[in-house]
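The next block holds one structure in the form of structure tokens; read it before the comments.
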Amino acid sequence: MMPRSCLAIVLAAGEGTRMRSARPKVLHAIAGRSLLAHVLAALSGTGVGAIAVVIGPGQEEVAAAAKRVAPDVAVFVQEERRGTAHAALAAKSAIERLPDDVLVVYGDTPLIRPRSLSRLRAALADGAAVAVLGFRPADPSGYGRLIAANGELTAIREEVDASAAERAITLCNGGIMALNGKTALAILERIGDHNRKAEFYLTDAVEIARGMKLHAVAVEVEEDDVRGINTKAQLAEAEAVAQQRLRRAALDAGVTLIAPDTVYLCADTKFGRDVVVEPYVVFGEKVTIEDGAVIRSFSHLAGAHVGKGASVGPFARLRPGTQLGEGARIGNFVEVKEAVVEAGAKANHLSYIGDALVGANANVGAGTITCNYDGSEKHRTEIGKNAFIGSNSALVAPVKIGDGAYIGSGSVITDDVPADALAVARGRQTVKEGWATRLRSLKSLGKKKAHSRD
Ligand code: UD1
Ligand code: CA
């Protein structure tokens with residue numbers, strides 16, 4: 001049998017007023033990725049062929065974010081916010097292409113997993129015209145209720161329109177729906193706005209399908225899959241769920257997380273084998289950790305590649321563009337940005353390494369700073385292989401330190417240093433013998449004079 005074709009419509013035109021934010025709701029992030037990007041990732045994991053994203057007027061930011069993640073998405077604008085069915089119909093021209101399945105998902109439901117979407121599509125393959133994801137939330141308030149009889153779904157009632165008896169139903173609408181492509185448009189176009197909010201509710205599709213003698217079913221999933229995000233508190237709850245899933249996946253892949261609940265991961269964090277992550281580490285976007293590396297406590301990493309067996313922290317900050325070679329060591333209170341630190345190189349204490357190349361096995365002493373910014377532009381520092389940078393040196397970029405060169409402690413290096421040379425650039429020390437003794441005797445003389453006056 002041919003696999004069924006599928007169009008997914010992502011509804012993202014809502015204003016998200018309850019988020020109390022200037023940012024469109026679906027662009028808020030959990031696990032370092034926007035809600036919208038999570039939904040798009042779940043769709044791509046379900047073998048969806050075409051994706052339509054419905055945005056509100058003026059939400060170009062949302063369209064651009066969608067295209068960054070999935071360049072082939074078609075964007076439709078819902079000119080007026082008149083309800084979820086009205087939003088789905090903004091993508092009418094895509095539905096008219098008659099896909100086998102039409103999947104309607106909400107951009108604010110980021111924890112949906114591909115397997116749950118696949119179960120919903122399977123219900124269509126089994127003959128349903130409408131299939132709805134249902135769940136039993138701990139607190140059903142705000143959700144539509146699924147009304148079922150004899151194994152079939154008969155209606156979905158929005159809470160504001162529900163009777164007391166209907167409100168007592170614990171099976172709720174997860175907000176994700178699949179419609180058979182052959183009847184989808186006929187059903188959607190019959191939906192009216194005769195309800196308390198005078199909106200076109202997608203949920204009315206169930207009763208309309210039933211009226212057309214078609215089948216509607218509910219597919220029950222875990223609450224986490226369909227957690228809708230309307231408020232910052234719900235965003236935080238979803239973050240917690242996403243983190244639990246990511247930690248679990250890392251543990252299952254063999255990463256040692258000593259205190260998993262204290263480690264914050266990003267949806268795209270990648271680990272090799274035998275990686276150890278100590279308590280209290282935060283991973284931002286685009287981090288890859290290779291085999292055998294150790295990330296010590298209180299480190300923050302983003303946009304960084306950590307090579308095999310490298311060691312980071314405690315209290316290290318790796319910013320975007322950091323690449324650590326095999327066995328490199330970045331110690332406490334060291335910040336690295338846009339820098340390649342080659343194999344075996346070390347910066348163990350209190351340094352800033354920005355826009356730099358640190359050659360293999362070089363040693364960057366405590367307190368070394370690459371002065372990469374002149375107030376308007378950034379400049380590069382190159383440190384050669386096996387070079388030794390004495391503590392508390394300032395390397396004023398652009399500057400090159402040759403292979404095997406030595407920099408005396410406390411130097412301010414403004415000119416290139418040839419390979420194997422020693423450069424010292426600091427005030428010479430002067431020593432004045434007996435100076436302190438003379439000072440002390442002068443002071444005690446002064447005190448005696450003062451006493452004799454009393
Ligand atoms: C919706 C469901 C409810 C379900 C809940 C699950 C309807 C009528 N109600 O309620 O049964 O329990 O989700 O979370 O479907 N949107 C548009 N254009 C619009 C209206 C909404 O694009 O005109 C988008 C929103 O951006 C959002 C999604 O549709 O992504 C859902 O809208 P929302 O207002 O959050 O619906 P709920 O009241 O949560
Ligand atoms: Ca919602």
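Here are the numbers for this structure:
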quantity: Members of the stretch 333-355 found to be touching a Leu at 6+ places or on another chain (Cβ under 8 Å) and more than 16 Å from residue 306 (Cα to Cα), listed by number; calculated: 333
quantity: Residue 42 under 23 Å from residue 122 (Cα atoms), surrounded by 15 or more Cβ atoms within 10 Å (Cβ to Cβ) and modelled with pLDDT of 95 or more; calculated: yes
quantity: Any chance residue 289 is surrounded by 19 or more Cβ atoms within 10 Å (Cβ to Cβ), at negative phi and aliphatic (A, V, I, L, M); calculated: yes
quantity: Helices (runs of 4 or more DSSP H) within the stretch 145-238 that include 2 or more residues surrounded by fewer than 17 Cβ atoms within 10 Å (Cβ to Cβ), more than 11 Å from ligand 1 (Cβ to nearest atom) and free of Cβ contacts under 8 Å to residues at least 40 places away in the same chain; calculated: 164-167, 181-190
quantity: Entirely in the stretch 1-109, the helices (runs of 4 or more DSSP H) that have 3 or more residues that are in contact with a Pro (Cβ under 7 Å, 6 or more places away or on another chain); calculated: 35-44
quantity: Pairs with Cβ under 9 Å, 6+ apart, first in the stretch 240-266 and farther than 11 Å from residue 276 by Cα and touching a residue at least 60 places away in the same chain (Cβ under 8 Å), second of a type in the set (Asp, Glu) and in a loop (DSSP other than H, G, I, E, B); calculated: 266/285
quantity: Qualifying residue in the stretch 426-436 (condition: exposed (fewer than 11 other Cβ atoms within 10 Å of the Cβ) and either among the basic types (Lys, Arg) or touching a Leu at 6+ places or on another chain (Cβ under 8 Å) (or both)); calculated: yes
quantity: Checklist (1) over 30 Å from residue 239 (Cβ atoms); (2) free of Cβ contacts under 8 Å to residues at least 24 places away in the same chain; (3) part of a loop (DSSP other than H, G, I, E, B) applied to residue 139, failing item; calculated: (1)
quantity: Residue count, the stretch 17-35 (criterion: closer than 30 Å to residue 99 by Cα, in contact (Cβ under 8 Å) with a residue 60 or more places away in the chain and within 15 Å of ligand 2 (Cβ to nearest atom)); calculated: 3
quantity: Top-ranked residue of the stretch 186-212 - restricted to ones that are more than 18 Å from residue 154 (Cβ to Cβ) and touching a Ser or Thr at 6+ places or on another chain (Cβ under 8 Å), ranked as nearest to ligand 2 (Cβ to nearest atom); calculated: 199
quantity: Positions within the stretch 101-141 being under 26 Å from the mean Cα position of the chain (by Cα) and polar (S, T, N, Q), in sequence order; calculated: 109, 116, 118
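The values are calculated or read from the model by the stated rules, or taken from the named source; none is laboratory data. Note that the coordinates shown come from a computational prediction; the quantities given were computed from them, not determined experimentally. Ideal geometry is used to build each Cβ from the backbone, glycine not excepted, and the neighbour counts take in all protein chains shown.
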